Amino acid sequence: MYAALAADAGIAVAKFVGAAVTGSSSMLAEAVHSVADTANQGLLLIGQRRAEQAPDRLHPFGYGRNRYFYAFVVALVLFSLGSLAAIDEGIHKIRDPEHLSDPLVAIVILLVAMVLEGFSLATATRESRPLKQRASWWAFIRNSRNPELPVVLLEDSGALIGLVLAFAGVGLTMATGDPIWDGIGTLGIGVLLGAIATVLIVEMKSLLIGEGATAAQDRALRSNLVDGRWIERVIHLETQYLGPEELLVAAKLAIAPGTGIAELAAAIDAAEARVRAAVPIARRIYLEPDLDRGRSAGS
């Protein structure tokens with residue numbers, strides 16, 4: 001992530017220089033986009049650092065949700081502000097077009113930025129693939145409990161699409177001699193940033209409020225809590241992510257009639273061990289033994 005931060009900062013500087021030289025609003029919008037990307041990386045790193053704080057009396061379950069909070073700030077503030085700035089600039093340039101000077105400079109910078117952003121996207125894709133498994137990329141973004149990877153994937157994908165829009169705006173302006181295309185490209189970048197912001201706000205808000213285990217994890221938890229001897233079935237199971245790598249598990253278990261105290265303690269310990277082996281991120285497990293009153297009433 002440090003490499004991505006440095007790359008985004010360098011790209012932002014290059015785009016600002018290109019915008020100053022050419023007067024291209026598309027290039028300026030992309031420069032703002034890169035500033036947002038740079039700030040995003042910085043905030044995500046801060047979130048990771050603060051999430052590592054040890055639990056204390058005020059926060060007994062730790063600070064893991066800092067990663068969700070800072071990712072939410074990224075979506076709510078930076079992408080939204082970048083979107084509004086680009087849309088405003090695009091509307092201004094469409095209403096009052098200005099001719100570009102040295103547009104070839106913008107073309108060169110945009111092409112170099114495309115190569116760098118393509119490399120960054122390929123890296124993020126490679127890191128995400130083991131977690132994605134057989135799911136689609138959209139399903140991975142919607143269902144991932146890791147906030148950084150979806151943010152980076154959308155950020156890098158949006159950056160590439162934004163560069164294509166900027167390239168098209170500058171290229172059409174050169175081809176037609178009409179600078180309105182540069183303004184249209186800028187407006188397109190603003191709409192793109194707004195769409196990314198909307199998706200991230202929805203997803204990060206859900207994570208910040210608290211999401212439970214995935215369907216596969218839920219099945220694994222239920223099957224490993226039951227041993228078929230002392231623990232007959234799961235009466236209730238509730239889960240919640242305390243952070244991307246920490247899952248809280250609370251369950252009420254139906255215990256076989258006549259189970260002794262020593263047998264019950266051993267059965268609970270064994271159930272916890274099976275759960276942690278099957279779902280390693282289930283670090284906090286609270287199990288409540290109970291009689292299967294529902295089954296007894298129905299028999």
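Key figures for this structure:
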| read-out | value |
| --- | --- |
| Failed item in (1) within 14 Å of the chain's Cα centre (by Cα); (2) closer than 16 Å to P244 by Cβ; (3) buried (at least 19 other Cβ atoms within 10 Å of the Cβ); (4) not aliphatic (A, V, I, L, M), with Q41 passing the rest | (2) |
| Some residue of region 115-123 being more than 24 Å from W137 (Cβ to Cβ) and either under 26 Å from the mean Cα position of the chain (by Cα) or among the charged types (D, E, K, R) (or both) | no |
| Selection from region 172-187 of residues that are modelled with pLDDT of 90 or more and either open to solvent by less than 30 Å² (accessible area, probe 1.4 Å) or charged (D, E, K, R) (or both) | none |
| Of the criteria (1) open to solvent by 40 Å² or more (accessible area, probe 1.4 Å); (2) modelled with pLDDT of 85 or more; (3) out of contact with any Pro (no Cβ under 7 Å at 6 or more places or on another chain); (4) under 24 Å from V21 (Cβ atoms), which one D102 fails | (2) |
| Qualifying residues in region 190-206 (those that are farther than 18 Å from F69 by Cβ and open to solvent by 40 Å² or more (accessible area, probe 1.4 Å)) - the one nearest to the chain's Cα centre (by Cα) | T198 |
| Residue identified as of a type in the set (S, T, N, Q) and within 29 Å of G243 (Cβ to Cβ) among T186, T198, T173 | T198 |
| Members of region 251-269 found to be open to solvent by less than 40 Å² (accessible area, probe 1.4 Å) and small (G, A, S), listed by number | A251, A254, A256, G260, A267 |
| Residues within region 137-159 that are over 14 Å from I201 (Cβ atoms) and not in a helix (DSSP H, G or I), tallied | 3 |
| Among the candidates E288, E232, E245, residue that is open to solvent by 50 Å² or more (accessible area, probe 1.4 Å), touching a residue at least 60 places away in the same chain (Cβ under 8 Å) and closer than 25 Å to P60 by Cβ | E245 |
| Residues (within 30 Å of L149 (Cβ to Cβ), out of contact with any strand residue (DSSP E or B) (no Cβ under 6 Å at 6 or more places or on another chain) and open to solvent by 60 Å² or more (accessible area, probe 1.4 Å)) located in region 217-229 | R219, S223 |
| Residue that is over 18 Å from the mean Cα position of the chain (by Cα), within 27 Å of G194 (Cβ to Cβ) and charged (D, E, K, R), where the choices are R145, R95 | R95 |
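The values are calculated or read from the model by the stated rules, or taken from the named source; none is laboratory data. Note that the structure is predicted; figures quoted are calculated from it, not measured. No Cβ is skipped: glycine too gets one built from the backbone with ideal geometry, and neighbour counts run over all protein chains shown. Heavy atoms of the whole protein, side chains included, go into the accessibility calculation; ligands, DNA and RNA do not. Shrake-Rupley method; radii C 1.70, N 1.55, O 1.52, S 1.80 Å.
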